[in-house]
1. Can you work out ³J(HN,Hα) from phi for every residue in segment 75-88, in order, using Karplus 6.51 cos²θ - 1.76 cosθ + 1.60 and θ = phi - 60°, giving whole Hz and x for Gly and Pro?
2. With every protein chain left in place and a probe of 1.4 Å, what is the accessible surface of Met322, to the nearest 10 Å²?
3. With the dipole of segment 44-145 worked out from charges on the C-beta (+1 for Lys and Arg, -1 for Asp and Glu) around the Cα centre, which of Ser77, Ala96, Gly55 lies farthest toward the positive end?
4. How much accessible area per residue does the chain have, in Å², with a 1.4 Å probe?
5. With θ taken as phi - 60° and the coefficients 6.51, -1.76 and 1.60, list the Karplus ³J(HN,Hα) couplings across segment 386-395 in order, rounded to whole Hz; mark glycine and proline as x.
6. Suppose accessible area is computed on protein heavy atoms with a 1.4 Å probe; arrange Tyr263, Tyr180 from highest to lowest.
7. Please work out the Kirkwood hydrodynamic radius for segment 323-373, using every pair of different C-alpha atoms, and report it in angstroms with one decimal place.
8. Provide Lys130, Lys364, Lys75 ordered by accessible surface of protein heavy atoms (probe 1.4 Å), highest first.
Amino acid sequence: MAGGRPAPGRDFGWLWAAYGASALGTGLAFSAFPLLAITVLHQGAAEVASLAAVGAAVGAAVAVPLGPWVEFRRKRSVMITMDLVRCAALLSVPVAYALGRLGLAQLLLVSVVVAAADITFGAAAGACLKALVRPEAMVTAQARLESTTWTATVVGPPLGGALIALLGPVATVAADAVSYLLSAAGIRAIRGREPHPRREKRGRHEKSARFADLVEGWRHILAHPLLRPLFFHTVLVNGLIMATAPLLAVLMLGPLGFTPWQYGLAFAVPCVGGLVGARLAPGLVERFGRHRVLLVAGTLRVCWPVGLVFVRPGVGGLLLVMAVELALITCIGVFNPVLAAHRLRVTETGRVVRTLTAWSVTGKAVTASLAALWGLLAGLVGAREAIGLAGVLLLATPLLLPRHEGGTDARADGVRVLPDGDKVP
């Protein structure tokens, strides 16, 4: 027990350590591929943009059929395999660079492989977490993972920048690859026995059954009265926030005249808010209940981005961006672990991987689509106006949040056990 709350347990500690290692590696390699494309391959803006857009989109498409495959396999074995796949893919970059054979096609292929493995690993990790952590400790566990994400976001890029300055951008890719080996070792150290998932027998219509497996995650989300509104709210909010990020970069580094270090500072310092929010989340859930925290944090997090339309040159503008981002990220730090815990709680064990895969794939697709749309919009009306429109639309998204508590109340964390051992709310 920590602070009167149930502790997630020792096996979760190994999973947490594995997650921390890979998160730090990702932070170290932040922007490594764009830097390689620009400084080594001398590519233009369109090619650099394709690394992020095409890699994420194709990777998400590749991950869709993997969901049903992962669902009925031991999750830790899948996670270790995905770590090794990511490690091998990333290591191919410094090897090709050393041989003088590195090209844009390889960077695109590696980005696709890593994106697909990221989604598959995350879905398997969710199912693993549900099996390792008791329901009453789930918010605490998710809050620790969330705080690790923001710590890596604060620490990783500056360390990666120093490593790039000393050894070049290929060094951070190699460091990221090693982080996945450490992650695999952490998952391998989990001691608890993992039973082999049982699959229901198929009927004669094999193709129909396979299609049903592919869409099961979306079917579960859309049929669930609590997951459905949270799904639409979260996907839309994340997409609108991410769609304005490149526009804000163009505005700050272009007409407003901020230097790259000022731009980096404006987004690095507010990440401390993510740590604060994640630390507060378990206590807030204990005091107010899961539903109220989701409703209030989900509403508050969309109130701030519209303020970015007022950014101006100079110290005042820099402080405005930092204040908006700090408030936004703090609310996100509270909302994300509570949402993640609730999503696992209301999803049966046999559907977790497909549900998380569907959620992640949809989120990436919507984000990519909105980013492209807002890029076109900025070309027509200007970056500041496009940022303002996204901010106004965000103010309407709380209407999508569930208005009734239902099963979201954290004080009703009891579970019943079915005859086959599956735990459901």
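The values are calculated or read from the model by the stated rules, or taken from the named source; none is laboratory data. From a predicted model like this one, the values you see are computed outputs, not experimental measurements. Here Cβ is always computed from backbone atoms with ideal geometry, including for glycine, and neighbour counts include all displayed protein chains. For the accessible areas, the whole protein counts, side chains as well, though only heavy atoms, and no ligand, DNA or RNA atoms are used. Shrake-Rupley method; radii C 1.70, N 1.55, O 1.52, S 1.80 Å.
1. After applying 6.51 cos²θ - 1.76 cosθ + 1.60, I find 5, 5, 4, 5, 4, 5, 4, 5, 4, 5, 5, 5, 4, 5 Hz.
2. Number for this one is 40 Å².
3. So the residue furthest toward the plus end is Ser77.
4. Accessible area per residue: 46 Å².
5. Whole-Hz 3J(HN,Hα) from phi for segment 386-395: 5, 4, x, 5, 4, x, 5, 5, 4, 5.
6. If we order Tyr263, Tyr180 from most to least accessible, we get Tyr263, Tyr180.
7. It is 12.9 Å.
8. Listed by decreasing accessible area, they come as Lys364, Lys130, Lys75.
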